[in-house]
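Coordinate-derived values only; no laboratory data. Worth saying up front: this structure is predicted, and the values here are computed from it rather than measured. Cβ: placed from backbone, ideal geometry, glycine included. Neighbour counts: every protein chain shown.
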Amino acid sequence: MIAAEALDLSQVLRRGDRIVFGQACGEPTTLVEALIAQGAAIGDLGAFIATSFSGLFTPETASAFRLSSMGAIGALRSMTKANALDVIPVHVSQVAPLIAWGQMLCDVAMIQVSPADAQGNHSCGLISDYVRAAVDKARVVIAEVNDQVPYVPGELIPASAIDVAVEVSRMPVEVPVAKIGATDEAIAKFCAEYIGDGSVIQTGIGAVPDAILRLLLDRKDLGIHSGMLGDGLVDLVEAGVVTNARKEIDRGISINGALIGTRRLFTWAANNAAIRMTPTSYTHDAGVLGQLSRLVTINSALEVDLTGQVNAEQSGASYLGGTGGQVDFVRAGARSPGGASLMVLSATAKGGTISKIVPQLSGPVTSARTEVDVVVTEFGAAELKGQSLAERGRRLVAVAHPDFREELDRTAFDIAKRGF
């Protein structure tokens, strides 16, 4: 174990190396700072991180290496605006396989882990999704061993797999609870109607997910199987709402791949047998998800067209989101007996001047119309599964902002006649 100030990356990195970072609250910030300071001297480095909330990556700091990501998520949005981020369109569930197959290069893994247990195993702590795949593939594994990272049951990294262990004591990246507005509350109210006793929830982080979770305090025996979770989970567990008692698999345990929140969430998860951190090969696997009934998945969109196609990535020339785990969970929720797949978005953007229910998407199709189940705005829920193009158009117009409905209705009629 070495001290952070003694880390000399030139002794372990080679010119042209490709680095994979742990992401989100599992971002190894001390190692990122070291690469920012020392990377230019090594030369021709590339790095991948799925999401970042640290604010460490800027066009200036990332000039020491070329940064890539699966989207403009968190603090990375400013990087895309400056054309300083290479976006790789990829499902988060495919990052680990691409690393394993050598299609996403990983010469060096830079990760954050908890202190080791008595058997010499480090917990992945706050993030487990593609971490083990990077560790297994890398020529060099550099681990930030942070005594403020909780030991969370689930994915483990043996000390023998770490080439350079850097001793750190600093608060992991925190993502504060989002401020919930009136629109978020209205969307959440419609979403909550689809979540009954015994439902299994997949959700993300942000104002709408947090608002939904606050409306579930009267439910019984909810389950969790999600790619990420925030502080709202703690409220439901402490209220006795989340028990995971009715799940067909992993009874009594919340399954998760990323803890994205604050110290409150991290403290709750420490040595907590009621949660298990697993890789995307489990959280997002179709075979695993197919065993869950009453699965309700909640994902967000930038815009939805009148046939039900979803764009969650790009608005015109601006890359604002990412594919993430949406497609895996959209399909699973829509096919789960007694479940539902909810696609949520506000009806308008830019102060109500632009409709987000649109005749034609301004960016790519993230989720196909054949997969989309329920679209929810602050004006209601449009159930699309099994509906004709004409009926889809009518239902989507009904949940658009009233100011745009007349124009959208005319367009929906034309689309129904053309068939696209």
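One table, with the values for the structure above:
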read-out: Cα centroid of segment 219-270 to Cα centroid of segment 64-89, whole Å; value: 30 Å
read-out: Centre separation in Å (Cα based) which lies between segment 96-144 and segment 353-405; value: 40 Å
read-out: Residues of segment 155-191 with amide N under 13 Å of a point placed 7 Å along Cα→Cβ from Leu215; value: 181-191
read-out: Segment 9-40: trypsin sites (Lys or Arg not before Pro) falling in loop per DSSP and having at most 13 other Cβ within 10 Å; value: Arg15
read-out: Helix-only CD estimate at 222 nm, as mean residue ellipticity for the chain, using -39500 (n - 2.57) per DSSP H run (n ≥ 4); value: -7500 deg cm²/dmol
read-out: Sorted peptide list for 46-54, 386-394, 135-143, criterion being average Cβ within 10 angstrom, highest first; value: 46-54, 135-143, 386-394
read-out: Range of Cα positions in segment 184-287 per principal axis (Å), largest first; value: 33, 31, 25
read-out: Arg263/Gln360 FRET efficiency (R0 56 Å; Cβ-Cβ; nearest 0.05); value: 0.80
read-out: Beta bridge orientation in the chain: antiparallel %, DSSP, nearest 5; value: 25 percent
read-out: For segment 145-185, size of Cβ-based charge dipole, Lys and Arg +1, Asp and Glu -1, in debye; value: 80 debye
read-out: Cross-link pairs beyond the 32 Å C-alpha cut-off, checked among Lys137/Lys356; Lys137/Lys350; Lys81/Lys189; Lys189/Lys385; Lys247/Lys356; value: Lys137/Lys356; Lys137/Lys350; Lys81/Lys189; Lys247/Lys356
read-out: Charge dipole magnitude, Cβ of K and R +1, D and E -1 - the chain, Cα centre, debye nearest 20; value: 880 debye
read-out: Most positive-pole-ward Cα, Asn272, Val177, Val200, against dipole of segment 174-274 from beta carbon charges; value: Asn272
read-out: Cβ crowding within 10 Å averaged over residues, with 240-250, 66-76 ranked highest first; value: 66-76, 240-250
read-out: Spin-label pair Ser169/Ile2, simplified geometry with 7 Å Cα→Cβ offset, distance in nm; value: 2.1 nm
read-out: Cβ-based charge dipole, the chain, positive-most Cα from Ala34, Thr51, Thr307; value: Thr307
read-out: Simple Cβ-charge dipole of segment 161-282, Lys/Arg +1 and Asp/Glu -1, about Cα centre, in debye nearest 20; value: 100 debye
read-out: Modelled FRET efficiency - R0 45 Å, Ala118 with Ser78, Cβ distances, 0.05 increments; value: 0.55
read-out: Extension reserve of the Asp197-Gln387 stretch, reckoned as 0.36 nm per residue once the Cα distance is removed; value: 65.7 nm
read-out: More than 41 angstrom apart: percent of Cα pairs within the chain; value: 16 percent
read-out: Packing rank of 28-40, 80-92, where each peptide gets the mean count of other beta carbons within 10 Å, highest leading; value: 28-40, 80-92
read-out: Cα-based equivalent ellipsoid, segment 293-420: semi-axes from gyration tensor eigenvalues, Å; value: 21, 17, 13
